[in-house]
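I have placed the structure first, in the form of structure tokens, so that the comments after it can refer back to it.
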Amino acid sequence: MSSNIEEAKKIIAEVLSVYPEKTKKKREKHLNVFEEGKSDCGVKSNIKTVPGVMTIRGCAYAGSKGVVWGPIKDMIHISHGPVGCGQYSWAARRNYYIGTTGVDSFVTMQFTSDFQEKDIVFGGDKKLEKIMDEIQELFPLNKGITVQSECPIGLIGDDIEAVSKKKSKEYGGKTIVPVRCEGFRGVSQSLGHHIANDTIRDWVFDKATGKEIETTPYDVAIIGDYNIGGDAWSSRILLEEMGLRVVAQWSGDGSIEELINTPKVKLNVLHCYRSMNYISRHMEEKYGIPWVEYNFFGPSKIAESLRKIAGFFDDRIKENAEKVIAKYEALTKATIEKFRPRLEGKTVMLFVGGLRPRHVIGAYEDLGMNVIGTGYEFGHNDDYQRTTHYVKDGTIIYDDVTGYEFEKFVEALKPDLVASGIKEKYVFQKMGYPFRQMHSWDYSGPYHGYDGFAIFARDMDMAINNPVWQMAKAPF
Amino acid sequence: MSQNPKHVLDHFNLFREPEYVEMFENKKKNFENPHPQDKVTEIIEWTKTEEYRDLNFKREALTVNPAKACQPLGAVFVALGFEETMPFVHGSQGCVAYYRSHLSRHFKEPTSCVSSSMTEDAAVFGGLNNMIDGLANTYAMYKPKMIAVSTTCMAEVIGDDLNAFIKNAKEKGSVPQEYDVPFAHTPAFVGSHITGYDNALKGIMEHFWAGRERHENETINIVMGFDGYSVGNIREVKRILQEMGISALILSDTSDVFDTPTDGTFRMYMGGTKLEDMKKALDSKATVSFQEFNTPKSLEYAASLGQKTMSFQYPIGIRGTDRWLLALSELTGKPIPDSLRLERGRLVDAVADSTSHIHGKKFALYGDPDQMLGLTEFLMELGAEPVHVLATNGGKEWEEKMNALFASSPYGAGCHAWPGRDLWHMRSLLFTEPVDFLIGNTYGKYLERDTGTPLIRIGFPIFDRHHHHRYPTVGYQGAMNVLVKLLDKIFDEMDKNTNVPSKTDYSYDIIR
């Protein structure tokens, strides 16, 4: 065992010593050090969070409304229950879209049933019916409705499925999707993704019909890109330049029509495996559509991914992939020439959700940086297996990290950059560490694709080499 | 390809480049099956009409873009204002992630708060074990001096009993018997964040005060209420109290915890009302609230123990601050010092200098009930007309108070209070009964975009402008800051509307 592995294990042991015995036993399964050659990261995952530890995780509602369904722009997503959930998640995720908000698009709006005590006591189904009527009247161009259940719905026994069916019929077969994503279900956002995927299967694929479109042998769908800061756009442009036809975006800047037409594509290209592997597997089983995971962070992974995707098509597409890679070579080279000397050898600690705890590692490495710690908010075992292809020997791995642990790990490893979320940002900045939010791109972006890599490089440089960090310590 | 590492294009400009614009058009045309543009235009125009306004105001069930949050947010906020206190929210964990994000996005500060992380099994069997383990973990890891417990709607729906649970947890040794664990039930389906503030504050008062004998002294307790400007406002109130020589205790002082330095150390806890002081606060002769509609139960409780109570409506502006100072003076027997008289004079001076630019301007505003009362009064003092005043979490009583306030000034004629309405109602109002300026939180920018009404950001949350929470909005100094905010926007709009060369720029004046 190398000395850095031993050192890291010692740090973990020290951090664990704060816990009461019972909690220590639970938490030690989630913390480990990656050892080269192993097939996983040696941590347990997708397990209930220990109470009272300050988890960074969210809930199933966040996974469904906030992640999967919320970005579908021409449908109205009702936050069904008390006012808070919809309020706190209102327009907070930067799912960019193009449309006239309030008229034909609704992403950055907060539709809520604003449950009152009487709705809890007598049930909210009648209210939900009325809400749907009022939506139909005031927002006539909406192309569908989803009901995003908050905690009380499942506890008071409301029948949102019956309401949805009834109203769908009344409105001539309109797509109305009841989603059982109550926040107490599961252990994190993750179950919400799964539940939302299943409702697309059951209430869109199996029921909704769209306008007929002609198909081509080059039709693909982008799955699991939420277009944060425009990520899906700077990805789509590469696929189109390669000669592929992108029929659908799931779900950033997406529309119901695109969801409906997806089962006609030849290949699903999957970015966020965690949140949309379910629907990809379903389409594979039911419609025989293969899916392929790709990674559009940083030029190395982008080139690898373009070739991998092209491998599913004919020689023309394969040649085009090479042309696209060549086209952007000058940009990539100039970006690396400019920023790499400023970032070479810098270390990064990550803690994010979805795919990013592994997917962004290549982009950092393209800039000469090293990721020395990473972990998932709501990853599963298959995420940690995939992570082994990205991380280096001795990388510290923390699953569902607690506030305490993260602070202590950073203190011990002293990275040059911490990359995590809004709840972590100010903690580490106070400690004097450069920080980038890796959920919202810290209000920047896109980070996907070649265009995005230049922005990513600029932002990491801006964070790490910012003059403010030299002034954190007073000279007196 | 437009990207260039020498001058990196990010989302602001990248997507305006021709290759992206073309891509968007093709995506829409080929794959979105969009409504025809003339249909979209027709509906856009229809939403601006009287007809749409009437339909919109007939809504009974649907809420769109409300200006309120839920109870536990207020409970977490008030708890953070106590010395080394960790807010502990019993229920689903996602809620806590939301409160922390929401407060951090506003204050640009860390927000520490834990959850008991209840899941499906707890929904069936109750969350007692989550409380027992949760308190033990929080106590061991974060070493708070106090853990203040509140609830999410999940715990409320299944009927978890905090009192019994906390007792039980103490018996199981999660925290020492004598350790401070105040609690409050804060169901999200009752009231709003201001209700949660009130319930949680009352819970903390009860914890420290119940069953103890009271020995009245000359100290005054000050309750500020939920306030996005708490950093600036609490410091300003402390300064005023000091100027007056009043012995006072702020019950929940969030001014330091939401304004910690960047100097190499993360302070999970900073400042706050000392727990010892909170105990002593029972003996204070009075509890004075800054926000009447925000604190009824806490005041009622204080009064039930024999304290004098008094409440104001977010004392901002000239007369609001006058009343507050006069009341404090009467309560304590301390005269209002010349320094404050001077401050007042300077504020009146500033108003006199600028009033001609504000006079007769029409405003629409929305926010919490007391803040609306305070701002409305100030606007009328400036000769402005607060035409639409909306509080999603305001009720009948608030409406009556608003109407009385309108009636007290000629500038209130024709003005209207809108309790229980949301920002989609406001959108209609801004089309059918337009105003010159809108005052509200960050979400008001959507109204600004849709209706063209310039937005002046005063309220909570403010996510898209930085650091304004550091400057007071209350007292004479606060009024000065608000005045400058209003004027800056008014002057900016004047310039924007007079800057076309050879067409309108004769009014593009250098002196105003």
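Cα centroid separation, region A:199-255 to region A:436-476: 30 Å. For region A:400-414, the Karplus equation 6.51 cos²θ - 1.76 cosθ + 1.60, evaluated at θ = phi - 60°, returns couplings of 6, 4, 8, x, 4, 4, 4, 4, 5, 4, 5, 4, 6, 8, 6 Hz by residue, with Gly and Pro reported as x. Among the GluC sites (Glu not before Pro) in region B:348-427, none sits in a DSSP loop with a Cβ that has at most 14 other Cβ atoms within 10 Å. Taking a ≥ b ≥ c as the square roots of the Cα gyration tensor eigenvalues, chain A comes out oblate, since a/c reaches at least 1.5 and a/b does not exceed b/c. Toward the positive end of the charge dipole of region A:348-476, with +1 on the Cβ of Lys and Arg and -1 on the Cβ of Asp and Glu, the farthest Cα among A:Phe409, A:Gly373, A:Pro446 is that of A:Phe409. When only alpha carbons are used to place a centre, region B:190-238 and region A:43-57 end up 33 Å from one another. Label point of A:Asn465 set 7 angstrom out along Cα-Cβ; within region B:1-37, amide nitrogens under 14 Å from it belong to B:5-8. Evaluating 6.51 cos²θ - 1.76 cosθ + 1.60 at θ = phi - 60° for every residue in region B:383-395, the Karplus couplings come out as x, 8, 10, x, 5, 10, 10, 10, 9, 4, 9, x, x Hz, glycine and proline recorded as x. In this structure the amide hydrogen of B:Glu385, modeled in the peptide plane, comes within under 5 Å of the amide hydrogens of B:Gly360, B:Lys361, B:Lys362, B:Phe363, none closer than 5 places in sequence on its chain.
Per DSSP helix of 4 or more residues, -39500 (n - 2.57); summed, then divided by the residues of chain B. What does that give at 222 nm, rounded to the nearest 500?
Computed ellipticity for chain B at 222 nm equals -14500 deg cm²/dmol.
Among the residues of A:456-462, the average count of other protein chain beta-carbon atoms within 10 Å of the residue beta-carbon is 2.
The ellipsoid that matches the Cα gyration tensor of region B:1-155 has semi-axes, each √(5λ) in whole angstrom, of 45, 26, 17, with the longest given first. Residues whose amide H comes within less than 5 Å of that of A:Thr146, counting only those at least five positions distant or on another chain, are A:Ile76, A:His77, A:Ile78, A:Val177 (H built at 1.01 Å from N in the peptide plane).
Semi-axes of the equivalent ellipsoid of region B:199-269 are 25, 18, 12 Å, computed as sqrt(5λ) over the eigenvalues of the C-alpha gyration tensor in descending order. For the protein assembly as shown, the direction-averaged projected area of the alpha-carbon convex hull comes to 40.6 nm².
Remark: mean inter-chain Cβ contacts per residue of A:180-193 equal 4, using a 10 Å Cβ-Cβ cutoff to other protein chain atoms.
Over chain B, give the accessible area per residue in Å² for a 1.4 Å probe, as an integer. Don't jump to the answer; show the numbers that get you there.
Details: 19190 Å² over 512 residues.
On a per-residue basis, chain B sits at 37 Å².
Take each of the peptides A:423-433, B:262-272, average the number of other beta-carbon atoms within 10 Å over its residues, and list them starting from the highest.
Details: A:423-433: 22.0, B:262-272: 17.1.
Descending mean neighbour count gives A:423-433, B:262-272.
Hand me the trypsin sites (Lys or Arg not before Pro) from region B:392-468 located in a DSSP loop with no more than 16 other Cβ atoms within 10 Å, in residue order please. Sites meeting the loop and neighbour criteria: B:Arg465. Counting only DSSP H runs of at least 4 residues, each contributing -39500 (n - 2.57), and dividing by the residue count of chain A, the helix-based mean residue ellipticity at 222 nm comes to -12500 deg cm²/dmol. Within region B:50-137, the GluC sites (Glu not before Pro) that combine a DSSP coil assignment with at most 14 other C-beta atoms in a 10 angstrom radius are B:Glu60.
The Stokes-Einstein estimate for chain B, based on a Kirkwood radius over Cα pairs and taken at 10 °C with 1.306 mPa s viscosity, is a diffusion coefficient of 64 µm²/s. Taking the DSSP beta bridges with both ends in the protein assembly as shown, the antiparallel portion is around 10 percent. Placing a label point 7 Å from the Cα of B:Asn497 along the Cα-to-Cβ direction, the residues of region B:349-390 whose backbone N falls under 13 Å of that point are B:357-363.
When only alpha carbons are used to place a centre, region B:352-420 and region B:1-72 end up 31 Å from one another. Measuring spread by the Cα atoms of region A:381-463 yields a radius of gyration and Dmax of 13.9, 37 Å.
Working note: Karplus 6.51/-1.76/1.60 with θ = phi - 60° gives region A:271-282 the couplings 8, 8, 4, 4, 8, 9, 5, 4, 6, 5, 5, 4 Hz, where Gly and Pro are set to x.
Counted over region B:144-241 with a bin width of 10 Å, the fraction of Cα pairs per bin, in whole percents, is 13, 34, 35, 16, 2. Summarising the amide proton neighbourhood of A:Lys346: residues at separation of 5 or more, or on other chains, whose placed amide H is nearer than 5 Å comprise A:Asn370. Label-to-label distance for A:Asn370 and A:Tyr287 is 4.5 nm, based on points extended 7 Å past Cα in the beta-carbon direction.
Neighbouring Cβ atoms from other chains, within 10 Å of the Cβ of residues in B:145-154, number 3 on average. Spin-label model, A:Asp198 to B:Lys172: label points 7 Å out along the Cα-to-beta-carbon direction sit 3.0 nm apart.
Evaluate the distance, in nm, between pseudo-label points positioned 7 Å from the Cα of A:Arg342 and of A:Tyr443 along their respective Cα→Cβ axes. Between A:Arg342 and A:Tyr443, the label points sit 2.0 nm apart. Rounded to 0.05, the FRET efficiency of the B:Asp353 and B:Ala413 pair, given R0 = 41 Å and the Cβ-Cβ distance, is 0.95. Plainly put, region B:245-403 has a radius of gyration that is 1.01 times its Kirkwood radius, both from alpha-carbon atoms, as the Rg/Rh ratio.
The values are calculated or read from the model by the stated rules, or taken from the named source; none is laboratory data. All values derive from a computational prediction rather than experimental measurement. As a convention, Cβ positions derive from the backbone with ideal geometry for all residues, glycine included, and neighbour counts pool all protein chains shown. Just the protein is used for accessible areas: all its heavy atoms, side chains included, with ligands, DNA and RNA removed. Shrake-Rupley method; radii C 1.70, N 1.55, O 1.52, S 1.80 Å.
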